[in-house]
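So the structure is just underneath, and the comments pick up after that.
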There are 2 protein chains.
Amino acid sequence: MDSQIQGLKFDAHGLIPAIIQDAASREVLMMAWMNAESVALTVSTGKTHFFSRSRNQLWLKGESSGHTQTVRSLRTDCDKDVLLIEVTQEGAACHDGYYSCFYRKHALGQPDWKTDGKLIFDPKTVYHKA
Amino acid sequence: MDSQIQGLKFDAHGLIPAIIQDAASREVLMMAWMNAESVALTVSTGKTHFFSRSRNQLWLKGESSGHTQTVRSLRTDCDKDVLLIEVTQEGAACHDGYYSCFYRKHALGQPDWKTDGKLIFDPKTVYHKA
């Protein structure tokens, strides 16, 4: 692991939030958590790897769907406690089938969020649950 | 507080991460934490308000520096546990004087992060510490 990654500030659970942004359109695609190992793997393989807090395990983004993210640049902020990663997205980032996970827009005075995003695939045809 | 904000998933500390993006250039400026009250204030005033975990208090972004953020849109993700807020930034987002907090870029094989960002102001002239 390089000294830059070692200098990051991970939280009490050993995690750091990673914001994923489309390198071309600059659309923010998702935010997920990384531990030191997943940051190192993301750098060494050039594909984003995260740490799932619910499953308590490392995962390669796209391992089920094929919708991997190829890293174009990796940045950290002034406090070194958040990552910003520019990627080229294969397929779509969101497991709900949208290109970005941020497909819900606040609609003033309405009872619910407005759906506002590019639907790329039908989740039923991508994730086969046996 | 509207039902959309009530439907957000705050963590065990009552907080949700908020990614702040420049509405014009789509540059990601910062990530900070909000509690339900700061989300509601952000919506009602149109200026971003965060919750400081270190100071344990609500703060208006720009209250010391004048570098406020005017909200253009507010989104949440598929899990409703992250916010993405597009803003028009006054001055600069980073207290280090850079337009974006993400002014450190990973440089493969180097001992330290490369500084790569637009320096807008000298922090010494903006923050007067008595």
Qualifying residue in the stretch A:105-121 (condition: within 16 Å of A:Asp22 (Cα to Cα) and open to solvent by less than 20 Å² (accessible area, probe 1.4 Å)): no
Which listed residue, of B:Ser64, B:Ser44, is of a type in the set (S, T, N, Q), at pLDDT below 95 and open to solvent by 40 Å² or more (accessible area, probe 1.4 Å): B:Ser64
Residues that are at pLDDT 95 or above, more than 16 Å from B:Ala92 (Cα to Cα) and among the basic types (Lys, Arg), drawn from the stretch B:109-130: B:Lys114
Scope the stretch B:98-128; condition assigned to a loop (DSSP other than H, G, I, E, B), touching a residue at least 60 places away in the same chain (Cβ under 8 Å) and out of contact with any Cys (no Cβ under 8 Å at 6 or more places or on another chain); matching residues: B:Tyr99, B:Phe102, B:Tyr127
Given (1) closer than 18 Å to A:Ser38 by Cβ; (2) in contact (Cβ under 8 Å) with a residue 24 or more places away in the chain; (3) β-branched (Val, Ile, Thr), number of the condition A:Thr68 does not satisfy: (2)
Residue in the stretch B:1-35 that is surrounded by the fewest Cβ atoms within 10 Å (Cβ to Cβ), counting only those that are among the β-branched types (Val, Ile, Thr) and in contact (Cβ under 8 Å) with a residue 40 or more places away in the chain: B:Ile16
Complete set of residues in the stretch B:49-74 that are away from every other protein chain (no Cβ under 14 Å), of a type in the set (Gly, Ala, Ser) and touching a strand residue (DSSP E or B) at 6+ places or on another chain (Cβ under 6 Å): none
Index of the failed condition, B:Asp77 passing every other in (1) of a type in the set (Asp, Glu); (2) facing chain A (nearest Cβ under 9 Å); (3) open to solvent by 10 Å² or more (accessible area, probe 1.4 Å); (4) without any contact (Cβ under 8 Å) to a residue 40 or more places away in the chain: (3)
Identity of the residue in the stretch A:85-99, at the interface with chain B (Cβ under 9 Å from one of its Cβ atoms) and open to solvent by 10 Å² or more (accessible area, probe 1.4 Å), that ends up nearest to A:Asp11 (Cα to Cα): A:His95
Index of the failed condition, A:Lys105 passing every other in (1) within 8 Å of chain B (Cβ to nearest Cβ); (2) over 30 Å from B:Tyr99 (Cβ atoms): (2)
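The values are calculated or read from the model by the stated rules, or taken from the named source; none is laboratory data. No experiment lies behind these values; they were computed from the predicted model shown. Note that we place each Cβ from the backbone using ideal geometry, even for glycine, and neighbour counts take in every protein chain shown. Ligands, DNA and RNA are stripped out before the accessible areas are found, and what is left, the full protein with its side chains, is counted by its heavy atoms. Shrake-Rupley method; radii C 1.70, N 1.55, O 1.52, S 1.80 Å.
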